[in-house]
1. State which residue pairs qualify: first residue assigned to a helix (DSSP H, G or I) and inside the stretch 524-542, second residue of a type in the set (Lys, Arg) and open to solvent by 10 Å² or more (accessible area, probe 1.4 Å) in any location, beta carbons under 6 Å apart, and separation of 6 or more residues or different chains.
2. Taking the stretch 58-83 as the region of interest, how many residues are open to solvent by less than 10 Å² (accessible area, probe 1.4 Å), closer than 23 Å to residue 7 by Cα, among the small types (Gly, Ala, Ser) and out of contact with any Ser or Thr (no Cβ under 8 Å at 6 or more places or on another chain)?
3. Go through the stretch 240-256 and give me each residue that's outside any loop (DSSP other than H, G, I, E, B), touching a Pro at 6+ places or on another chain (Cβ under 8 Å) and not polar (S, T, N, Q).
4. Residue 388 passes all but one of (1) modelled with pLDDT of 95 or more; (2) under 30 Å from residue 241 (Cα atoms); (3) loosely packed, with under 14 Cβ neighbours inside 10 Å; which number fails?
5. Restricting to the stretch 275-332, name every residue that is aliphatic (A, V, I, L, M) and open to solvent by 40 Å² or more (accessible area, probe 1.4 Å).
6. Pairs only if they're at least six apart or on different chains, beta carbon under 8 angstrom, first in the stretch 619-647 and crowded, with 18+ Cβ neighbours inside 10 Å, second acidic (Asp, Glu) and assigned to a helix (DSSP H, G or I); list them, first residue then second.
7. Pick from the stretch 513-556 the residues that are closer than 30 Å to residue 398 by Cβ and of a type in the set (D, E, K, R): which of them is least open to solvent (accessible area, probe 1.4 Å)?
8. Against the definition (touching a strand residue (DSSP E or B) at 6+ places or on another chain (Cβ under 7 Å) and either part of a strand (DSSP E or B) or of a type in the set (Asp, Glu) (or both)), how does residue 570 come out, yes or no?
Amino acid sequence: MVKITLKDGSVKEYDKGITVKQVAESISAGLARAALAAEINGEVKDLSTVIDEDCTLNLLTFESDGGKHAFRHTASHVLAQAVKRLYPSAKLAIGPAIENGFYYDFDIDQPFTAESLEKIEKEMEKIVKEDLAIERFTLPRDEAIKFMEEKGEPYKVELINDLPEDAVISFYKQGEFTDLCAGPHVPSTGKIKAFKLTQVAGAYWRGNEKNKMLQRIYGTAFPKKNELEEYLAKLEEAKKRDHNKLGRELEYFTTVDYIGQGLPVLMPKGAKVIQILQRFVEDEEERRGYMLTKTPYMAKRELYKISGHWDHYRDGMFIMGDPNSFEDEKAEIFALRPMTCPFQFQVYLARLRSYRDLPMRFNETSTLFRNEASGEMHGLIRVRQFTISEGHLACMPEQLEDEFAGCVDLALYMLRTLGLDEDVSYRFSKWDPNNKEKYIGTAEQWEEVQGRMREILDDLKIPYTEAAGEAAFYGPKLDIQIKNVYGKEDTLITIQIDFLLAEKFGMVYVDRDGQKKHPYVIHRTSIGCYERTLALLIEKYAGALPTWLAPVQVKLLPIIDKHHEYAEEVRKLLQSKGIRVENDLRNEKIGFKIREAQMEKVPYMLVIGDKEVENRQVAVRSRKEGDMGPMALDAFINKITEEIATKAR
């Protein structure tokens with residue numbers, strides 16, 4: 001007999017050798033129908049898994065992340081099977097489940113088109129109707145390689161060769177189709193009731209631009225058709241809010257092929273919003289005791305060698321000069337900076353510091369350069385040159401928690417002001433003890449500092465998740481994560497504890513006891529990357545930014561030429577009050593002018609006709625409140641300046 005502890009804490013006894021599916025059936029027929037996979041001792045497995053020892057068991061439906069993953073992973077196999085039926089010469093690469101869907105990469109000579117996707121979807125429907133049982137089996141390495149070689153799948157052979165020697169090499173079979181896969185999967189193809197192939201994109205094999213470009217088909221899948229339709233409707237709404245489309249239409253930014261990928265050109269509106277954000281951030285940081293620095297955009301490799309970036313981050317840097325001389329110790333090699341920390345450390349090192357000087361808080365609006373892979377770049381969210389609200393704090397051990405809390409408070413203040421505070425999640429990013437060459441420092445140092453950081457996060461009552469392998473190479477961090485309109489997650493703000501670079505750079509302070517000691521360093525951003533923040537704001541507000549952030553806050557709309565003189569007088573008055581205003585003096589009908597201003601998402605339109613000139617008024621149309629009618633000019637100025645001053649949303 002085996003004892004199985006269920007999610008509710010109850011313990012049931014079964015004969016040894018029972019499957020997970022049989023356990024589900026013993027609980028209820030409804031649960032057995034809904035179950036897609038299961039967690040056994042915390043590890044997600046197929047329902048066909050045999051239980052032959054005591055364990056904990058959590059049955060997973062589509063409502064759980066594990067259930068969704070198994071369901072959509074199976075959908076990717078259905079896609080691959082359909083493609084192989086229709087295009088037998090296609091080579092299979094990888095096909096994982098991802099958040100909100102799945103994809104599969106194919107090496108195929110002909111491009112997939114919209115017509116191709118329709119054809120593939122119809123074949124997928126046939127496979128679902130066939131309700132093919134999905135069976136798992138394993139093979140020894142040599143047999144697995146031979147099996148895939150005989151099927152003519154070179155990418156699968158490469159994947160097998162890269163697996164650890166002791167890896168279990170598993171396959172999943174459904175009908176005539178078999179794929180190399182770790183699983184888990186649902187019991188049969190008939191479970192995939194509702195699906196949609198959404199797009200085709202290029203993707204380099206293993207994300208390396210030196211490798212062959214493959215064709216990636218994206219899709220999504222749900223147990224019910226109405227759930228799929230609801231998701232697709234949200235996707236259409238997301239497309240309308242996509243900053244990569246809307247930001248260009250509203251003339252916030254553009255890109256030019258011969259400038260380069262990941263190098264957006266900010267147009268006057270986009271540049272104005274970022275200028276507003278930068279001034280807001282720098283002023284707030286100054287109020288909180290930060291000291292502004294301005295440091296070089298590049299440095300000799302010797303600086304990056306001290307910091308460790310040369311050894312641990314070189315692939316992500318833009319290095320100037322002949323690549324053949326990078327290892328020549330006598331050559332003078334410069335690199336554009338991917339971060340500001342080693343530069344700001346030089347300010348600290350300019351003279352000997354006392355404990356009375358600490359904490360020291362440095363901030364800088366930093367332009368950084370990172371050699372992102374071409375497949376990773378997207379609009380303003382991931383770029384190769386960007387500007388960031390960077391800061392570094394040096395403090396004594398007893399000051400660490402208060403200073404870290406201050407960084408969190410600053411970040412939360414920024415998020416609340418921008419209206420993004422309810423859209424973020426928190427990730428405690430730790431080192432990966434199984435990949436020690438990625439980091440500097442000892443295991444003992446990492447565990448000690450991570451323990452300290454966990455205590456701080458718990459004291460601050462931050463609802464975080466933990467992620468191994470996501471730490472910086474010099475220390476753990478709190479990453480404040482946010483999703484774009486399509487659900488893709490990126491880091492917006494990061495706060496890191498660094499326990500190693502101060503020692504590497506010889507940063508010390510004289511403590512009360514007269515001894516020289518190394519400070520802790522906190523690396524932080526307050527609003528993150530300005531370009532990414534702008535992208536997220538465009539998507540959050542569908543281009544209609546709050547009045548205090550809007551690049552143009554007021555549009556003056558004189559009806560005919562004789563109203564131009566008063567309109568120009570109003571423009572000068574508003575401008576003198578610090579209001580960003582434009583005057584539309586074109587010889588166009590007023591209805592056309594209003595529609596254009598609405599399309600440009602301008603917060604306020606002031607229509608000026610005979611009555612407004614005669615009464616020294618303006619007819620106010622609000623983006624939010626609609627037609628507000630005639631208003632005294634002073635009253636309107638008071639209204640909008642109050643809205644701007646309070647940063648109302």
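The values are calculated or read from the model by the stated rules, or taken from the named source; none is laboratory data. Remember, predicted model here, so these are calculated numbers, not experimental data. Because the Cβ atoms are built from the backbone with ideal geometry, glycine has one as well, and the counts that use them run over all protein chains shown. The protein model used for the area step is the full one, side chains on, heavy atoms only, and it has no ligands, DNA or RNA in it. Shrake-Rupley method; radii C 1.70, N 1.55, O 1.52, S 1.80 Å.
1. 539/241
2. Residues flagged as open to solvent by less than 10 Å² (accessible area, probe 1.4 Å), closer than 23 Å to residue 7 by Cα, among the small types (Gly, Ala, Ser) and out of contact with any Ser or Thr (no Cβ under 8 Å at 6 or more places or on another chain) within the stretch 58-83 amount to 1.
3. Just the residues of the stretch 240-256 that are outside any loop (DSSP other than H, G, I, E, B), to begin with: 240-241, 243-249, 253-254.
Narrowing further to those that are touching a Pro at 6+ places or on another chain (Cβ under 8 Å): 253-254.
If the condition is that a residue be outside any loop (DSSP other than H, G, I, E, B), touching a Pro at 6+ places or on another chain (Cβ under 8 Å) and not polar (S, T, N, Q), then 253 is the only one that fits.
4. All conditions pass for residue 388, except number (3).
5. Of the stretch 275-332, the ones aliphatic (A, V, I, L, M) are 276-277, 281, 291-292, 298-299, 303, 306, 317, 319-320, 331.
Within the stretch 275-332, 291, 292, 298, 306, 320 meet the criteria.
6. 619/612
7. Initial filter on the stretch 513-556 (closer than 30 Å to residue 398 by Cβ): 513-528.
So of that shortlist, the ones also of a type in the set (D, E, K, R) come out as 513, 516-517, 524.
Details: 513: 91, 516: 139, 517: 71, 524: 7 Å².
It comes out as 524.
8. Numbers: touching a strand residue (DSSP E or B) at 6+ places or on another chain (Cβ under 7 Å): yes; either part of a strand (DSSP E or B) or of a type in the set (Asp, Glu) (or both): no.
When the stated conditions are applied, residue 570 does not pass them.
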